[in-house]
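None of the figures in this text is laboratory data; all of them are computed from the coordinates on show. Please read all numbers here as calculations on a predicted model, not as lab measurements. Here the Cβ is made from the backbone with ideal geometry for all residues, glycine too, and neighbour counts use every protein chain on show.
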Amino acid sequence: MVGNLLAVATPLVADPPRAFVGSIVTSGLLGLVFTLRTLQLLRRTGAVPVPATTLSTIFGVWFMAAPLLYDTDTVGFLATAGTQLAGLLVAAFATYLLVYGLTATE
């Protein structure tokens, strides 16, 4: 959840071009929905919800790759690095949950 919030906040603080802000902030909010849904289902059922966790992993990879689609001279270091760090956090924790959910035995 922290990674998604970081992905939303970084472009707003770093002041990159509007296309970058719109793309990353929208993706961050949508990723936050999947992360919250994962946590909600995990708390309610005690099992990892594979579809929501898979989508969170995909959003994490997107946050790592999306800044590379833009010219780093116009986007800036802070927006690029912050979004990629957010993607790393989201992808790492979502992948951990996904692997745990697929391999856990009861």
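Within the chain, considering only helices (runs of 4 or more DSSP H) that don't extend past its boundaries, which have at least 1 residues that are of a type in the set (Phe, Trp, Tyr) and over 9 Å from the mean Cα position of the chain (by Cα)? Reasoning before the result, please.
Details: elements: 2-14, 18-45, 50-65, 72-75, 77-103.
Those helices (runs of 4 or more DSSP H) span 18-45, 77-103.
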Inter-residue pairs, beta-carbon under 7 Å, first in contact (Cβ under 8 Å) with a residue 60 or more places away in the chain and buried (at least 18 other Cβ atoms within 10 Å of the Cβ) and in segment 12-26, second of a type in the set (Val, Ile, Thr) and not in a helix (DSSP H, G or I), 6+ apart: none
Enumeration of residues in segment 40-67 that are crowded, with 16+ Cβ neighbours inside 10 Å, closer than 14 Å to residue 101 by Cβ and not small (Gly, Ala, Ser): 41, 42, 48, 49, 53, 54, 55, 57
Residue match in segment 23-30 (condition: over 16 Å from residue 8 (Cβ atoms), out of contact with any Pro (no Cβ under 7 Å at 6 or more places or on another chain) and of a type in the set (A, V, I, L, M)): no
Residue within segment 85-105 that is under 16 Å from residue 26 (Cα atoms), of a type outside the set (A, V, I, L, M, F, W, C) and touching a residue at least 60 places away in the same chain (Cβ under 8 Å) present: yes
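Out of segment 89-106, which residues are surrounded by fewer than 16 Cβ atoms within 10 Å (Cβ to Cβ) and either within 14 Å of residue 3 (Cα to Cα) or not hydrophobic (A, V, I, L, M, F, W, C) (or both)?
So in segment 89-106, the residues surrounded by fewer than 16 Cβ atoms within 10 Å (Cβ to Cβ) come out as 92, 96, 99-100, 102-106.
Selection gives 92, 96, 100, 103, 105, 106.
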